[in-house]
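Notes to accompany the following structure.
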Amino acid sequence: MDLTITQIGKTDADSGYDEFLLIENKEDALTPEQAEAWLLPQVYRDSYRAGGYFCHYVSGSQYPYSDNKVIAIVHHRYDI
């Protein structure tokens, strides 16, 4: 897959923040499930201490009127 990733936003959330990404496949169609499966290994982090950063979850939804773009949310958190 030839993917282009653009950060389109960032918001504060409980115990961390959410990062919004536009993911576009230049070669073929892209589903939210494909984008999530590709993105999670890129951002996954674990925390083994109080206050440590972790990222265990990403979610995606199809960009309106497009079969090759997905809006993804990376859920960044701190273990508090």
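Nothing in this text is a laboratory measurement; each read-out follows from the coordinates by a stated rule. Quick caveat: nothing in here was measured; it's all calculated off a predicted structure. Here the Cβ positions follow ideal geometry from the backbone for every residue, glycine too, while neighbour counts run over all protein chains shown.
Numbers at a glance
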{"read-out": "Structure-based [θ]222 nm, the chain - -39500 (n - 2.57) summed over DSSP H runs of at least 4, per residue, nearest 500", "value": "-4500 deg cm²/dmol"}
{"read-out": "Over the range 3-78, relative contact order from alpha-carbon pairs under 8 Å, at least 6 apart, %", "value": "36"}
{"read-out": "Acute angle (nearest 10 degrees) that the helix 32-43 long axis makes with the longest principal axis of the chain, alpha-carbon atoms", "value": "40"}
{"read-out": "Chymotrypsin sites (Phe, Trp or Tyr not before Pro) within the chain: DSSP coil, no more than 14 neighbouring Cβ in 10 Å", "value": "Y44, Y48, Y65"}
{"read-out": "Neighbour cut-off at most 16 other Cβ (10 Å), DSSP loop, trypsin sites (Lys or Arg not before Pro), the chain", "value": "K26, R49"}
{"read-out": "For Kirkwood radius over Cα pairs in Å, calculated from these coordinates, the label among [x] 14.5; [y] 13.1; [z] 12.7", "value": "[y]"}
{"read-out": "The range 17-58: GluC sites (Glu not before Pro) in DSSP loop, at most 16 other beta carbons within 10 Å", "value": "E27"}
